[in-house]
Amino acid sequence: MTPFARRLAGLVGLVLVGCLVWWSQSGDPSGGRTAEGPAATATAQSQANSSAPGMPSLDDFTVAIGDLPPEAVDVIGQIEAGGPFAYPKDGGVFGNREKLLPLRERGYYREYTVATPGSADRGARRIIAGGNGELYYTADHYQSFRLIQATT
């Protein structure tokens, strides 16, 4: 399977997860959450960008490589080259405990640190690589993910 096809398969899986989340919340517009905090903001943003009321837009789940911070683009290059990586934990198993990415067997996902300028520690930004070549970006330490669009 080509890298593009693997990333496309990952995108399809992510869209399906988004649809299932929307469907599970359709009986209760708040999804059982209060109207405060990041979840409410993300829900409001996805509703504002969707073509159907309450349905998340595909743009809410994807990001172009050119729209990533330069440090993330550098990490993608390191992943594709097989290293070296700046942090000892890079390449370690990402457990997907938040269950925001498509569910896969343990070890399917690997995490890589995206340096945050000015941060004294690893910061909150990560790239998560799936076993089929799909890449996800999180800027908020696993609270949300966006599939990195394959370049053609």
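I'd like to check something: does the range 121-129 contain any residue that is on the phi > 0 side of the Ramachandran plot and of a type outside the set (Lys, Arg)? Yes, that holds for at least one residue. Report every pair of residues separated by at least 6 positions or lying on different chains whose Cβ atoms are under 7 Å apart, first residue within the range 80-102 and at positive phi and exposed (fewer than 13 other Cβ atoms within 10 Å of the Cβ), second outside any loop (DSSP other than H, G, I, E, B) and at pLDDT 95 or above. Listed pairs, sorted by first residue: none to list.
Among the residues of the range 67-93, those that are closer than 15 Å to Ala139 by Cα and touching a helix residue (DSSP H, G or I) at 6+ places or on another chain (Cβ under 9 Å) comprise Leu68, Ala72, Val73, Ile76.
To keep it simple, each residue is scored yes or no on (1) part of a helix (DSSP H, G or I); (2) at pLDDT below 95; (3) closer than 16 Å to Phe61 by Cβ; (4) among the polar types (S, T, N, Q).
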residue	(1), (2), (3), (4)
Val73	yes, no, no, no
Gly77	yes, no, no, no
Ala86	no, yes, no, no
Glu105	no, no, no, no
Asp121	no, yes, no, no
Ile128	no, no, yes, no
Gly131	no, no, no, no
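Only a single criterion out of (1) part of a loop (DSSP other than H, G, I, E, B); (2) under 20 Å from Val63 (Cβ atoms); (3) over 11 Å from the mean Cα position of the chain (by Cα) is not satisfied by Tyr112, namely (1). Contact map, the range 125-143: residues that are touching a residue at least 40 places away in the same chain (Cβ under 8 Å) and crowded, with 18+ Cβ neighbours inside 10 Å paired with residues that are of a type in the set (Gly, Ala, Ser) and assigned to a strand (DSSP E or B), Cβ distance under 7 Å, separation 6+ or inter-chain. Pairs shown: Leu135/Ala129.
The values are calculated or read from the model by the stated rules, or taken from the named source; none is laboratory data. Note that this is a predicted model, so its numbers are computed, not measured. Positions of Cβ are generated from backbone atoms using ideal geometry, with glycine treated the same way; all protein chains shown enter the neighbour counts.
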